[in-house]
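**Q** For reference, the structure I am asking about is given below.
The values are calculated or read from the model by the stated rules, or taken from the named source; none is laboratory data. Being a predicted model, the structure only gives us computed values, none of them experimental. Reconstructed Cβ throughout: ideal geometry from the backbone, glycine too, with neighbour counts over all protein chains shown.
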Amino acid sequence: MAIVDHQSLPPQPDPADETAPRRRRRAHKALVGLVVCLLLLCAASLAGIWWLQAKVESNIQRLPDAFTGLTDRPAKPTTGSAADAMNILVLGTDTRSDTPTTGAEAPGWKPGQARSDTMLLVHLDGDRRSAAVVSIPRDSWVDIPGHGKGKVNWAYSFGGPRLTVETVEAMTEVRIDHLAVVDWDGFRALTDAIGGVDIDIPETVYDSARDVRWEAGRHHLDGEQALLYVRQRHGLRDGDLDRVARQQAFLRTLLEQTLEQELRKHPDEVLDLLTLFSKHASVDDGWSTFQMARLAASLRNLRTGDISYLTVPTDGTAMVGDQSVVRLDPSRDRDLWRAVREDRMAEWADGNQDLLTPDVVR
């Protein structure tokens, strides 16, 4: 039993404890700020331009005609902050390949070969001081132009990147500015390259599809384990919706916990990570490397704490024939997409805290 001396002076606060909150706040400066500094240094010299061309442009794959031939597209705002906002559709594909590929580049993509396993709409505010990452569950039951009703990820299988853009624009009335597709090999390689990520699992769950048991507690995940974690839906109460929440939570942790902390120590590794990412990514052929660098520079004031993560509002799951689907919530969805179109996502997030992804998910 410990003996307490009541006459002793109260312990003095540890100066390190007083500065810890300040260190954490500083650590929440955006990762992109580090990227920006390096990109600006690169852009300032011929050697930097050569590096971008040699290391990024030569690796990254282009999606031809992702927007060509699309009709009745939502109008791009021409005034106010919404005119300067940017909407990027990010897809993760379930393509299987022995070599790094997104399965989306011509002639690699074939109808019926792959579906978009993950779908994110990333909204960057016009002033570049806040952003929102909105997940669209892959089983969302929507109208697919020319194909009737179906799961939103079928669009990629039916018509590749172009039909996927058309489908998302039709359901959201949000104009997509750029498209990026990343394969799961890239996800695994990026996680391993940064030394893994720590994830908290609140209760023990079993993934019957992959025979994996996740014990409650903190786990340090390497690339392969991270892939198992973010792709689980069997054994989770809300299935696909819980999987989406896991993907959101992992992405946030990836940015806040690992990338920021490690790159503050070794900022030179940003260039290596950009090179690695380019080997596993495809982007629309209208998005040049120089434009991507300029976008990174415009995000220099964005902090990770100003990024909202959420899933499009839903009415839960249901069965359509023998298909398990996710039903969207029309009224709340309209408010969300209107906020995106009008560049009011920061305000919308403040008023819809119940829809934001929590720090710890099932």
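**Q** Out of LEU179, LEU190, I need the residue that is at pLDDT 95 or above and buried (at least 17 other Cβ atoms within 10 Å of the Cβ). Which one? Break it down stepwise before answering.
**A** On the way: LEU190 fails: at pLDDT 95 or above.
Residue meeting the stated conditions: LEU179.
**Q** I'm trying to understand the selection: among the residues of the range 139-176, which are surrounded by fewer than 19 Cβ atoms within 10 Å (Cβ to Cβ), of a type outside the set (A, V, I, L, M, F, W, C) and farther than 22 Å from ASP335 by Cβ?
**A** PRO145, GLY146, HIS147, GLY148, LYS149
**Q** In the range 30-80, what count of residues is obtained for those that are in contact with a Ser or Thr (Cβ under 8 Å, 6 or more places away or on another chain), at pLDDT below 65 and in a helix (DSSP H, G or I)?
**A** 1
**Q** On to the next question. What number of residues within the range 323-337 satisfy the criterion of being surrounded by 13 or more Cβ atoms within 10 Å (Cβ to Cβ) and without any contact (Cβ under 8 Å) to a residue 12 or more places away in the chain?
**A** Result for the range 323-337: 1.
**Q** Which numbered condition trips up GLY195, out of (1) buried (at least 16 other Cβ atoms within 10 Å of the Cβ); (2) under 23 Å from the mean Cα position of the chain (by Cα)?
**A** Just one mismatch for GLY195, condition (1).
**Q** Related question: Considering only helices (runs of 4 or more DSSP H) fully contained in the range 277-362, which possess at least 2 residues that are in contact with a helix residue (DSSP H, G or I) (Cβ under 9 Å, 6 or more places away or on another chain) and closer than 22 Å to GLY92 by Cα? Spell out how you get there, then give the answer.
**A** Working: elements: 289-298, 330-341, 345-351.
The qualifying helices (runs of 4 or more DSSP H) are 289-298, 330-341.
**Q** For residues that are closer than 30 Å to THR304 by Cβ and either part of a strand (DSSP E or B) or not hydroxyl-bearing (Ser, Thr, Tyr) (or both), tally how many sit in the range 124-152. Give the steps one after another, and end with the answer.
**A** In the first step, residues of the range 124-152 are kept if they are closer than 30 Å to THR304 by Cβ; the result is 124-140, 152.
Those still in the list that are either part of a strand (DSSP E or B) or not hydroxyl-bearing (Ser, Thr, Tyr) (or both) too: 124-129, 131-140, 152.
Matching residues across the range 124-152 total 17.
**Q** Restricting attention to the range 299-315, which residues are touching a strand residue (DSSP E or B) at 6+ places or on another chain (Cβ under 9 Å), farther than 15 Å from VAL122 by Cα and touching a residue at least 60 places away in the same chain (Cβ under 8 Å)?
**A** Correct list: THR314 only.
To keep it simple, each residue is scored yes or no on (1) more than 14 Å from the chain's Cα centre (by Cα); (2) of a type in the set (Asp, Glu).
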| position | (1), (2) |
| --- | --- |
| HIS123 | no, no |
| TRP141 | yes, no |
| ASN153 | yes, no |
| PRO161 | yes, no |
| GLU169 | yes, yes |
| ILE176 | yes, no |
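**Q** Can I ask one more? Using the structure shown, decide if ILE136 is over 27 Å from SER298 (Cα atoms), surrounded by 20 or more Cβ atoms within 10 Å (Cβ to Cβ) and either at pLDDT below 95 or not charged (D, E, K, R) (or both).
**A** Working: over 27 Å from SER298 (Cα atoms): no; surrounded by 20 or more Cβ atoms within 10 Å (Cβ to Cβ): yes; either at pLDDT below 95 or not charged (D, E, K, R) (or both): yes.
Here the answer is no, as ILE136 does not meet what is asked.
**Q** Taking into account only those residues within the range 81-99 that are crowded, with 16+ Cβ neighbours inside 10 Å and assigned to a loop (DSSP other than H, G, I, E, B), which is modelled with the lowest pLDDT?
**A** Let us first name the residues in the range 81-99 that are crowded, with 16+ Cβ neighbours inside 10 Å, namely 82, 85-95.
Filter once more, keeping what is assigned to a loop (DSSP other than H, G, I, E, B): 85, 94-95.
Working: ALA85: 98, ASP94: 59, THR95: 53.
Within the range 81-99, the match that is modelled with the lowest pLDDT is THR95.
**Q** Then there's this: Would you be able to tell me the number of residues in the range 352-362 that are closer than 14 Å to PRO313 by Cα and either surrounded by fewer than 18 Cβ atoms within 10 Å (Cβ to Cβ) or among the hydrophobic types (A, V, I, L, M, F, W, C) (or both)?
**A** Start the filter on the range 352-362 by keeping residues that are closer than 14 Å to PRO313 by Cα, which leaves 352-357.
Retained after the next criterion (residues that are either surrounded by fewer than 18 Cβ atoms within 10 Å (Cβ to Cβ) or among the hydrophobic types (A, V, I, L, M, F, W, C) (or both)): 352-356.
The total comes to 5.
**Q** Just to be sure, is THR311 hydroxyl-bearing (Ser, Thr, Tyr) and modelled with pLDDT of 90 or more?
**A** The answer is yes for THR311.
**Q** Further question on the same structure: Which of the residues belonging to the range 100-133 are buried (at least 23 other Cβ atoms within 10 Å of the Cβ), modelled with pLDDT of 60 or more and in contact with a Gly (Cβ under 6 Å, 6 or more places away or on another chain)?
**A** THR118 - this is the single residue of the range 100-133 that is buried (at least 23 other Cβ atoms within 10 Å of the Cβ), modelled with pLDDT of 60 or more and in contact with a Gly (Cβ under 6 Å, 6 or more places away or on another chain).
**Q** Test ASP329 against the stated conditions and say whether it is at pLDDT 85 or above, in contact with an Asp or Glu (Cβ under 6 Å, 6 or more places away or on another chain) and acidic (Asp, Glu).
**A** Criteria met by ASP329.
**Q** Which of the residues that make up the range 349-362 are within 25 Å of ALA85 (Cα to Cα) and either basic (Lys, Arg) or in contact (Cβ under 8 Å) with a residue 60 or more places away in the chain (or both)? Spell out how you get there, then give the answer.
**A** First pass over the range 349-362, keeping only residues within 25 Å of ALA85 (Cα to Cα): 349-357.
ALA349, THR357, listed by residue number.
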